[in-house]
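K.L.:
Attaching a single structure in C-alpha cells format; questions to follow.
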Amino acid sequence: MRAWKQLIGRARLGLRTRGSATAGNASRAAHIRSTASALLAVMTLGIATASAADGSTPSAGEAEALIATYGLRLADEPVSKRLDWRKPRRIVVDAGSRGLEDAVRSALPGVTVVGVKGLAEMVAAVPGADAAIGPALLVCNDAVLAAGTELRWLQAMNAGIENCIAKPRIAQGRYLLTNMRAIVGPMIAEHTIGMLLALTRGLTVSLPRQATGKWSRDYDVPLVAVQGKTMLVAGLGGIGGEIAKRANALGMRVIATRGSSRERPPWVDYVGLADELPTLLGQADVVVDALPLTEATRGLFDAKAFARMRPSAYFLNVGRGGTVVQADLVAALQSRKLAGAGLDVTDPEPLPPDHPLWRAPNVVITPHNSSDADLGVEGQVRVLRENLQRYAAGERMLSVVDVARGY
C-alpha cells in the first residue's frame, strides 16, 4: 500500500509540472500532466480496490467507480436515519451462491455470519439476524420474513424484486430492500443485440437448415440491416441504457421511455415519460421491453400496443414476462402484424412445451439466461461488499429499491 501511495505522490507532482513559454516545452508539459492525471486515476482506483479487498472501509473512490461503471443509484439519506437501524451483529447469507459468504466475512470481521443452503436452513438461521442476503425468492420468502423478527435489511442478489414488493411487510417499508440492478446490464444488452441480429439476419432459418445439411438462399423472412433503423427502449434503466448504447454503436437511432425523468444520455435521441409509450411505438423498427414488473407495467404490451407497432417491427423482451399479454403476442406474430420476436422472459416460466410461442413464426426464445456469462459474480460481490460496509457505518446505500415504484 505504501508503494501505491508513493506512486500517487509522483503522479500528483506530474500534475503540477509546468513547461516554459516555448511551444515544445508547453506540449511536453501538457503530455506529462495528461499522463499523470490518467495514472493518478488508475492508481486511486487500485488503492480503493485493494482497501476493499483487505476488509477495511472502502474509500469514496471505490463507490464512485461502482456508480460510474454500473450507473448505480446512491440513496438520498444515510441508512442510520432509519429508526430501526443498528450496527449489524448477525447476518445470514446464502452459501449456495459462490463467493457471497466469504465476501460478507471479510467485509465485516467481528460480525456473526451464518452461511446457509436452501430455504429450510435460512428459516432456521434467520431468527436474531439483522440482515438476510441471497436471491430475492429466498430472502423475501414468507417463512423467512416470519422467522426473522429482527430483520432490518434484505439484500437481493438479483435485479428482479417483484416477488419481494408483493409482500405486504416489504411494501409497507418495514425493511430496507436493496438489489443488484444494472450489474448484469452489459451481458443482457449483448444478449438482446444477439437476438435482434438472429432475427434480422435470418439465423432463425439458417440454423435449423444447418442441422439438416440444407444449403438454400431462399428465405421466408426478410434479411434486414439494423443500421439507420430506430430502436425504442421501454425502460431506460441500467439494462435499457446498456442496450441503447450498443444499438447506437450499430448505427441505430435510439428513442426511449423511463418512468422517472427525461434525462437523456448522449447515445439516445429522445427520452419520453412512461405515458408516451403508445405514441412512440409507431416510430420504431425495434421495440425492446426492459421494464420491471409493477402494477403499472403488468400486461402493458397487449393487442393494442402491438397494433400500434409497424408490421415490419421486431419485439424483444428482456424485462419480465408478465409485462406482456402472451396470447396477444402470439396472435400478432401469427397474423404477421409483427416481423418477429426475441424473448428471454415469458409468462409462465418455464414455457410449457405445448405453448404456441414455440411454434410462432420468426421467434427466438432463450430460457431467462441473458445475464449468464463467463464474468462470474465479481460485480455483484463488489457491490455487496460496498453495501455491507456502508450499512455497518450507517452511510448512504447503493441500489435501494423504491417499493412504491416497484424498482
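K.L.:
Tally Lys and Arg at +1 and Asp and Glu at -1 over the other residues with C-beta under 11 Å from the C-beta of Ala313: what net charge comes out?
P.N.:
Numbers: positive: Lys229, Arg308, Arg310, Lys337; negative: Asp285.
Around Ala313, the charge tally is +3.
K.L.:
Let me have the relative contact order for region 261-377, percent, based on Cα pairs under 8 Å that are six or more residues apart.
P.N.:
Numbers: 171 pairs, mean separation 24.2, N = 117.
Dividing the mean separation by the residue count of region 261-377 yields 21 percent.
K.L.:
Place the peptides 243-249, 144-150 in order of packing, highest mean first, counting for every residue the other Cβ atoms within 10 Å and averaging per peptide.
P.N.:
Highest mean packing first, the order is 243-249, 144-150.
K.L.:
With +1 assigned to the C-beta of every Lys and Arg and -1 to the C-beta of every Asp and Glu, and no other charges, what is the dipole magnitude of region 185-365 about the Cα centre in debye, to the nearest 20? Numbers along the way, then the final one.
P.N.:
Details: 19 positive and 17 negative charges, 115 e Å.
Result for region 185-365 is approximately 560 debye, rounded to the nearest 20.
K.L.:
Oh, and also: Past the 26 Å Cα-Cα mark, which pairs from Lys117/Lys167; Lys81/Lys167; Lys245/Lys337? Walk me through the numbers before you get to the answer.
P.N.:
Values: Lys117/Lys167 23 Å; Lys81/Lys167 23 Å; Lys245/Lys337 28 Å.
Where the Cα-Cα span goes over 26 Å, the pairs concerned are Lys245/Lys337.
K.L.:
Shifting gears a bit: Place +1 on the Cβ of every Lys and Arg and -1 on the Cβ of every Asp and Glu in region 185-365, take the dipole about the Cα centre, and give the residue among Thr257, Gln210, Gly235 whose Cα lies farthest towards its positive end.
P.N.:
Result: Gln210.
K.L.:
Follow-up. For region 89-158, rounded, prolate or oblate, judged on the Cα gyration tensor with a ≥ b ≥ c (square roots of eigenvalues), a/c < 1.5 rounded, else prolate if a/b > b/c? Before the final figure, lay out the partial values.
P.N.:
Values: a/c = 1.69, a/b = 1.23, b/c = 1.37.
Because a/c hits 1.5 or more and a/b fails to exceed b/c, region 89-158 counts as oblate.
K.L.:
Arrange Trp215, Trp358 by Cβ neighbour counts within 10 Å, fewest through most, would you? Please report the intermediate quantities before stating the final value.
P.N.:
Numbers: Trp215 6, Trp358 11.
Fewest-to-most ranking of Trp215, Trp358: Trp215, Trp358.
K.L.:
Could you name the aspartates and glutamates whose alpha carbon sits less than 13 Å from that of Lys87, not counting residues in the same chain fewer than 8 places away?
P.N.:
Partners found: Asp130, Glu150, Glu395.
K.L.:
State which helices in the chain qualify, where a helix is a whole DSSP H run, it must extend 24 Å or more along its own axis by its Cα atoms, and its mean Kyte-Doolittle hydropathy must be at least -0.5. Let's see the in-between values first.
P.N.:
Working: long enough: 23-53 (45 Å, 0.79).
TM-like helix candidates: 23-53.
K.L.:
Another one. Please compute the net charge surrounding Thr257, taking Lys and Arg as +1 and Asp and Glu as -1 over other residues with Cβ under 14 Å from its Cβ.
P.N.:
Working: positive: Arg258, Arg262, Arg264, Arg308; negative: Glu263, Asp269, Asp275, Glu276, Asp289.
Every neighbour counted, the sum reads -1.
K.L.:
I would also like to ask the following. Could you pull out every residue, at least 5 positions away or on a different chain, whose amide H is within less than 5 Å of the one on Arg89? Hs are placed 1.01 Å off N in the peptide plane, and Pro or chain starts have none.
P.N.:
Counting only residues 5 or more places away or on other chains, the set is Asp130.
K.L.:
Counting Lys and Arg as +1 and Asp and Glu as -1, each charge on the Cβ, what is the dipole of the chain about the Cα centre in debye, to the nearest 20? Don't skip to the answer; put the middle values down first.
P.N.:
Values: 47 positive and 37 negative charges, 294 e Å.
So the magnitude is around 1420 debye.
K.L.:
So if I take the alpha carbon set of region 319-407, get Rg, then get Rh from the Kirkwood formula, what is the Rg over Rh ratio? Don't jump to the answer; show the numbers that get you there.
P.N.:
Working: Rg = 19.0 Å, Rh = 16.3 Å.
Rounded to two decimals, Rg over Rh is 1.16.
K.L.:
Over its Cα atoms, what ratio of radius of gyration to 2.2 N^0.38 Å does the chain give? It would help to have the intermediate numbers written out before the result.
P.N.:
Working: Rg = 24.4 Å, N = 407, 2.2 N^0.38 = 21.6 Å.
With N residues counted in the chain, Rg over 2.2 N^0.38 Å equals 1.13.
K.L.:
Further question: Using alpha-carbon positions, what is the distance between the centroids of region 219-248 and region 85-139, in Å?
P.N.:
39
K.L.:
If we count every other residue with Cβ under 11 angstrom of Asp328's Cβ, Lys/Arg +1 and Asp/Glu -1, where does the sum land? Can you show the working numbers first?
P.N.:
Working: positive: Lys304, Lys337; negative: Asp302.
Spelling it out: positives minus negatives among the neighbours equals +1.
K.L.:
Restricting to the chain, compute how many DSSP beta bridges are antiparallel as a %, nearest 5. If you can, show how the numbers build up before the last one.
P.N.:
Details: 2 of 42 bridges.
Bridges in the chain that DSSP calls antiparallel: roughly 5 percent.
K.L.:
So if I place +1 on the C-beta of Lys and Arg and -1 on the C-beta of Asp and Glu, and nothing else carries charge, what would the dipole magnitude of region 297-401 be about its Cα centre? I want it in debye, nearest 20.
P.N.:
Numbers: 12 positive and 11 negative charges, 102 e Å.
Roughly 500 debye, rounded to the nearest 20.
K.L.:
Once the convex hull of the alpha carbons of region 130-180 is built, what does its volume come to per residue, in cubic angstrom? Intermediate values should be presented prior to the final figure.
P.N.:
Numbers: hull volume 3.0 nm³, N = 51.
Cα-based convex hull of region 130-180, divided per residue, equals 58 Å³.
K.L.:
Another question, then. Taking only DSSP H segments of four or more residues, each worth -39500 (n - 2.57), what value at 222 nm results for the chain once the sum is divided by all its residues, to the nearest 500 deg cm²/dmol?
P.N.:
Values: 16 runs with 164 residues, N = 407.
Per the formula, -12000 deg cm²/dmol.
K.L.:
Between Ala75, Met195, Ala129, whose Cα lies farthest towards the positive end of the dipole of the chain when Lys and Arg beta carbons carry +1 and Asp and Glu beta carbons carry -1, centred on the Cα centre?
P.N.:
Working it through, the farthest residue towards the positive pole turns out to be Ala75.
K.L.:
So for the chain, taking the charge dipole from beta-carbon charges (+1 Lys/Arg, -1 Asp/Glu), which of Pro356, Ala332, Leu384 sits furthest toward the positive end?
P.N.:
Of the candidates, Leu384 comes out farthest on the positive side.
K.L.:
Additional query: With a 10 Å radius around each residue's Cβ, average the other Cβ atoms per peptide and rank 127-138, 259-270, highest first.
P.N.:
Details: 127-138: 22.1, 259-270: 13.8.
My ranking of the peptides, most packed first, is 127-138, 259-270.
Each reported figure results from applying straightforward, stated rules to the coordinates on display, with no laboratory input. Since we're looking at a predicted model, the values are computed, not measured. Cβ sites come from the backbone with ideal geometry, for glycine too, and all protein chains shown count toward neighbours.
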